């Protein structure tokens, strides 16, 4: 039985830039989505990438984000299925970075206030 026969939906050819995001959005790998359907996609990497079994896939065009799980992999290609349930609402990578920066600034200010408040 071929892979295409096992798929519930026919995949459409694409050429979309994307990012594999994991490790609490600390780790990011660029990839290319070569084909995609509502239930899955084939990702291609420029070089071998060590990615976990489950991760967030962020499409560069439009910023769509989907949770994905690896179904098969080769040296430079990976087949994934999309999770139907997302644990949290989408927050862009740019917003996540800005939130982390602001949290760091807040912590510095809290420490300074505590320092100045000591008798």
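The values are calculated or read from the model by the stated rules, or taken from the named source; none is laboratory data. Everything numeric in this text was worked out from a predicted model, so none of it was measured. Here Cβ is always computed from backbone atoms with ideal geometry, including for glycine, and neighbour counts include all displayed protein chains.
Computed values, structure above
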read-out: Residue within the range 12-33 that is over 27 Å from residue 98 (Cβ atoms), more than 14 Å from the chain's Cα centre (by Cα), in the same structural domain as residue 65 (by TED's automatic domain parsing) and at pLDDT 95 or above present; value: no
read-out: Number of positions in the range 15-24 that are surrounded by 15 or more Cβ atoms within 10 Å (Cβ to Cβ) and not in a strand (DSSP E or B); value: 0
